[in-house]
1. Can you tell me which residue within region 91-110, out of those that are at pLDDT 90 or above and in contact with a helix residue (DSSP H, G or I) (Cβ under 6 Å, 6 or more places away or on another chain), is surrounded by the fewest Cβ atoms within 10 Å (Cβ to Cβ)?
2. Among the residues that make up region 111-125, is at least one of them at positive phi, in contact with a strand residue (DSSP E or B) (Cβ under 9 Å, 6 or more places away or on another chain) and modelled with pLDDT of 90 or more?
3. If a residue must be over 20 Å from ARG133 (Cβ atoms), charged (D, E, K, R) and surrounded by 11 or more Cβ atoms within 10 Å (Cβ to Cβ), how many such residues does region 2-41 contain?
4. Considering only residues that are surrounded by fewer than 14 Cβ atoms within 10 Å (Cβ to Cβ) and of a type outside the set (D, E, K, R), look in region 78-90 and name the one that is modelled with the highest pLDDT.
Amino acid sequence: MNTAYRVWDGEQMHYWDEPGMSLEIIGTHWFLRNMDNKGHKRYVTGSHEEGTSLMWGTGIREAPEEIQLGETIYAGHIVRQENLDPDLCGNPTLIGEVKMIEGQWCIVNDKKEECRPLFSETAIISIIGDIFRNPELLEGVENV
């Protein structure tokens, strides 16, 4: 079984399904390696390097349209959740960062002090960026 993950190395994102990519976890440390065309493992990055981050896949895929599924949502993604039943939570739209909180994947908007479950049967979720490449998307989110 492959567990979806992605790694930010400080400059670019690496995904679990890239050819030759392997993640090694030893205790509390992790190392990302890539197999070159000669069969040698090449070190890419690891947990000890500043600015790196390992993020697990949520198992939930974005649904920008009601029927079509998009890409897998990962921790660190910035998502827009459009609630189809605004009476459930008062505000039909929430933009925030995907985080694991107490064993549940959530959308967190620190500026609004709001947190909702990522999974919802009454909402459409779209990935609009991530905290590494698009941190500015979280700057004005209190107005949404």
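1. Filtering first and then ranking leaves ASN109.
2. no
3. Within region 2-41, the subset over 20 Å from ARG133 (Cβ atoms) is 2-3, 19-20, 22-31, 33-41.
Filter once more, keeping what is charged (D, E, K, R): 24, 33, 36, 38, 41.
Filter once more, keeping what is surrounded by 11 or more Cβ atoms within 10 Å (Cβ to Cβ): 24, 33, 41.
Residues meeting the conditions: 3.
4. Initially, region 78-90 is screened for residues surrounded by fewer than 14 Cβ atoms within 10 Å (Cβ to Cβ), giving 84-88, 90.
Applying the additional criterion that residues be of a type outside the set (D, E, K, R) yields 84, 86, 88, 90.
Details: LEU84: 79, PRO86: 64, LEU88: 62, GLY90: 66.
Across region 78-90, the extreme among qualifying residues is LEU84.
The values are calculated or read from the model by the stated rules, or taken from the named source; none is laboratory data. Predicted model, so just to flag it, every value in this text is computed and none were measured. Please note: Cβ atoms are built from the backbone with ideal geometry, for glycine as well, and neighbour counts cover all protein chains shown.
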